[in-house]
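Undergrad: For reference, the structure I am asking about is given below.
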Amino acid sequence: MVAGGGSGFVLIRLVEETGSTNADMLALAAAGAAEGSWLRAERQTAGKGRQGRAWDSPLGNFYGSTVVRLRPHDPPAPTLALVTVVALEEAVRVFLPAGATIKWPNDLLIDGAKLSGVLLERAGDAVVIGIGVNLAHAPDLPDRPATSLAAQGAVADAAGFAEVLADSFARWLARWRGEGLEPVRQRWLERAHARGTALTARLPDGSAIDGLFDGLSAEGALLLKTSSGVELIHAGDVFLL
């Protein structure tokens, strides 16, 4: 399937079932897959989320991966997480006009329940971006509530969603590359929960910091206002309190 995109054409390849679209796209990237390539699966048998978590992948939801080929003057690669969730929120809004709320760095929530997940993996100049969206079904997660577009009264099939998302991602990628991070950061803030929202950040070293959301740094780090000042969070899991 070929769809129009903000930076040219994108190719969406469909497989009925695979272990993980990200694992497959990493292999395709190593073999020379071009930027703009997408791989979508109807089902995954070994889907994964951040920090190696399993990602439940029943039939009817969206599971897809794409690849970005980094160029010398691109913004920092980790900020592609912000590009992805801004494009994803825009795509969701096509099917659910009320949209969703962004939570740092790249989750979408509806009334505090998780709608989607994003996983970035890098190999050389290739950044593979995996995206899962609960279109028809919401998993039973052990540590947070989840929802789906269907539960919100929206109808979205995976093929149609893929085309909308690929187009949105291509446009935001072109802006990130041509204008820098700032327009992406501004849209992220427009779609995020309000400043002052109580959050807890669980850091990679196992510690946790509670504070109030205070925006994003110019580089895309989370600003968390605590009793001792403002903390910059560059990596970790963030939860609404």
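The values are calculated or read from the model by the stated rules, or taken from the named source; none is laboratory data. Keep in mind the model is a prediction, meaning the values are calculated, not measured. Quick reminder, even Gly has a Cβ in these numbers, built from the backbone with ideal geometry, and neighbours come from all protein chains shown. We work out accessible area using only protein heavy atoms, side chains counted, and drop any ligands, DNA or RNA first. Shrake-Rupley method; radii C 1.70, N 1.55, O 1.52, S 1.80 Å.
Undergrad: Antiparallel as a % of all DSSP beta bridges within the chain, to the nearest 5?
TA: Working: 47 of 56 bridges.
Beta bridges within the chain, antiparallel portion: roughly 85 percent.
Undergrad: Is the C-alpha gyration tensor of region 57-161 telling us rounded, prolate or oblate? Criteria: a/c under 1.5 is rounded; beyond that, a/b larger than b/c is prolate, otherwise oblate. Provide the component values of the computation, followed by the final result.
TA: Working: a/c = 1.89, a/b = 1.85, b/c = 1.02.
Taking the square roots of the gyration eigenvalues as a ≥ b ≥ c, region 57-161 is prolate.
Undergrad: Among the complete DSSP H segments of the chain, which ones combine at least 18 Å of alpha-carbon extent along their axis with a mean Kyte-Doolittle hydropathy of 1.0 or more? Before the final figure, lay out the partial values.
TA: Details: long enough: 80-95 (23 Å, 1.77); 158-179 (30 Å, 0.04).
The answer, listed by residue number, is 80-95.
Undergrad: Right, next: Can you tell me the dipole magnitude for the chain around its Cα centre, using point charges on the Cβ only (Lys, Arg +1; Asp, Glu -1), in Debye to the nearest 20? Intermediate values should be presented prior to the final figure.
TA: Values: 22 positive and 27 negative charges, 49 e Å.
The calculated dipole for the chain is roughly 240 debye.
Undergrad: Report, to the nearest whole %, how much of the accessible area of region 108-164 belongs to carbon and sulfur atoms, 1.4 Å probe, protein only. Show your work: numbers first, answer last.
TA: Numbers: 1140 of 2260 Å².
So the carbon and sulfur contribution to the accessible surface is 50 percent.
Undergrad: Mind giving me the nanometre distance, one decimal, between the label points for Ser228 and Ala27, set 7 Å out from Cα along Cα→Cβ?
TA: It is 4.7 nm.
Undergrad: Consider a paramagnetic label point 7 Å from the Cα of Ala151 along Cα→Cβ; state which residues of region 87-127 have an amide N under 11 Å from it.
TA: From region 87-127, the list is 110-116.
Undergrad: Let me ask something additional. Based on the Cβ-Cβ distance from Leu203 to Asp111, what FRET efficiency comes out when R0 is 22 Å, to the nearest 0.05?
TA: Values: r = 27 Å, r/R0 = 1.21.
Plugging the Cβ-Cβ distance into 1/(1 + (r/R0)^6) gives 0.25.
Undergrad: Quick check on packing: order 173-185, 116-128, 198-210 by the mean number of other C-beta atoms within 10 Å, highest mean leading.
TA: Values: 173-185: 17.2, 116-128: 18.9, 198-210: 13.2.
Ranking, from highest mean packing down: 116-128, 173-185, 198-210.
Undergrad: Peptides 89-99, 19-29: what's the order by average Cβ count within 10 Å, highest mean first?
TA: On the way: 89-99: 17.6, 19-29: 20.7.
My ranking of the peptides, most packed first, is 19-29, 89-99.
Undergrad: Could you work out [θ]222 nm for the chain from helices alone, using -39500 (n - 2.57) per DSSP H run of at least four and dividing by all its residues? Round to the nearest 500 deg cm²/dmol. If you can, show how the numbers build up before the last one.
TA: Working: 4 runs with 58 residues, N = 241.
When only DSSP H runs of four or more count, the value is -8000 deg cm²/dmol.
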